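**Q** Just dropping this structure here.
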Amino acid sequence: MRRLDQLLANLGYCSRREARGWVEAGAVTVRGEVADDFSAKVVPADVCVDGEPLDHPDGLLLLLHKPVGRVCSHDGREGPGVYDLLPPRWRQRNPGVTSIGRLDKDTSGLLLLTDQTPLVHRLTSPKHKVPKVYVATLNAEVTPERATELAALFASGTFQLADEKEPCAPATLRMRGPREAELTLTEGRYHQVRRMFASQGFEVVTLHRERFGELTLGDLAPGQWRELPLDCFGSV
Ligand code: URA
């Protein structure tokens, strides 16, 4: 049960003060009856505003095709955010919609967004070893011999990035072409793919995340998103 004015404010409809005005104006119903008490405790599924059921009262879980040039940060000084691609009301929710892990501004691909804080913690925890598949275009060709060496190094579990205390978890490298590498990681360190290749003398020219666990982008175009069931990763 949630307090009516708080519920509308938390779902991004309006401020609590405005919610009180909406109730007083008769715009809100609870189980089909016009609400007259903005402080009443209600079941979200019972509430309508202007005759419409509430917008995702139980929460949001979205799969976005992140385009290059957008940031996962909420700080507008870092560039246009991925959140601006969502409907305005979803951007006003509290708890707010945030990304599950981050992709760099210059990285495209599969990004999960949610307002379910426990899910963010669960899926970004190092304990939760969900495989993430990245495709990197490199600045130079990798010979088959060098590819074998790199694959062994990244899979070793002892490979260490500069300035990091712990070695990287074993990662799987497969070359799709002389300059196209597929790297599967089960962790998400800062700029990890770029830093792993840079440590071996390669620059990542383009980077795209193709897969997160069992999830893929399907035919989503850059900038588009689709909804996932909230229990997609089991109950939170
Ligand atoms: N590794 C990177 O270097 N960048 C990303 O955006 C994701 C993984």
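**Q** Looking at (1) surrounded by fewer than 12 Cβ atoms within 10 Å (Cβ to Cβ); (2) touching a strand residue (DSSP E or B) at 6+ places or on another chain (Cβ under 7 Å), can you tell me which one Lys66 breaks?
**A** The failed condition is (1).
**Q** Are any of the residues in region 39-50 surrounded by 12 or more Cβ atoms within 10 Å (Cβ to Cβ), under 30 Å from Leu123 (Cβ atoms) and within 19 Å of the chain's Cα centre (by Cα)?
**A** Within region 39-50, not a single residue is surrounded by 12 or more Cβ atoms within 10 Å (Cβ to Cβ), under 30 Å from Leu123 (Cβ atoms) and within 19 Å of the chain's Cα centre (by Cα).
**Q** Related question: Test Arg77 against the stated conditions and say whether it is in contact with an Asp or Glu (Cβ under 9 Å, 6 or more places away or on another chain), over 23 Å from Gly234 (Cα atoms) and open to solvent by 40 Å² or more (accessible area, probe 1.4 Å). Steps first, answer last, please.
**A** Working: in contact with an Asp or Glu (Cβ under 9 Å, 6 or more places away or on another chain): no; over 23 Å from Gly234 (Cα atoms): yes; open to solvent by 40 Å² or more (accessible area, probe 1.4 Å): yes.
Judged against the criteria, Arg77 is not a match.
**Q** Next up: Could you please let me know if Val130 is open to solvent by less than 70 Å² (accessible area, probe 1.4 Å), within 16 Å of the ligand (Cβ to nearest atom), assigned to a loop (DSSP other than H, G, I, E, B) and of a type in the set (Val, Ile, Thr)? Please lay out each step first, then the result.
**A** Values: open to solvent by less than 70 Å² (accessible area, probe 1.4 Å): yes; within 16 Å of the ligand (Cβ to nearest atom): yes; assigned to a loop (DSSP other than H, G, I, E, B): yes; of a type in the set (Val, Ile, Thr): yes.
So Val130 passes the test.
**Q** Check whether at least one residue in region 154-162 is surrounded by fewer than 17 Cβ atoms within 10 Å (Cβ to Cβ), touching a strand residue (DSSP E or B) at 6+ places or on another chain (Cβ under 9 Å) and farther than 17 Å from Arg211 by Cβ, and report yes or no.
**A** yes
**Q** Which condition number does Ala140 fail, the rest of (1) surrounded by 15 or more Cβ atoms within 10 Å (Cβ to Cβ); (2) hydrophobic (A, V, I, L, M, F, W, C); (3) more than 13 Å from the ligand (Cβ to nearest atom); (4) in contact (Cβ under 8 Å) with a residue 24 or more places away in the chain being met?
**A** Failed condition: (1).
**Q** Could you tell me which numbered condition Lys105 fails, if it satisfies all but one of (1) in a loop (DSSP other than H, G, I, E, B); (2) within 15 Å of the ligand (Cβ to nearest atom); (3) open to solvent by less than 60 Å² (accessible area, probe 1.4 Å)?
**A** All conditions are met except number (3).
**Q** Output the residue which, of all residues in region 170-204 that are among the charged types (D, E, K, R) and within 14 Å of the ligand (Cβ to nearest atom), is farthest from the chain's Cα centre (by Cα). I'd like the intermediate steps shown before the answer.
**A** Taking region 170-204 as the starting set, the residues that turn out to be among the charged types (D, E, K, R) are 174, 176, 179-180, 182, 187, 189, 194-195, 203.
Now restrict to residues that are within 14 Å of the ligand (Cβ to nearest atom): 182, 187, 189, 194-195, 203.
Working: Glu182: 21, Glu187: 15, Arg189: 15, Arg194: 20, Arg195: 21, Glu203: 25 Å.
By that ranking, first place goes to Glu203.
**Q** Go through (1) aliphatic (A, V, I, L, M); (2) without any contact (Cβ under 8 Å) to a residue 24 or more places away in the chain; (3) surrounded by 13 or more Cβ atoms within 10 Å (Cβ to Cβ) and name the single condition Val34 misses.
**A** (3)
The values are calculated or read from the model by the stated rules, or taken from the named source; none is laboratory data. These numbers were taken from a predicted model, which means no experiment stands behind them. Counting neighbours? That spans all protein chains shown, and the Cβs are built from the backbone with ideal geometry, glycine included. Note: areas computed on protein heavy atoms with side chains; ligands, DNA, RNA excluded. Shrake-Rupley method; radii C 1.70, N 1.55, O 1.52, S 1.80 Å.
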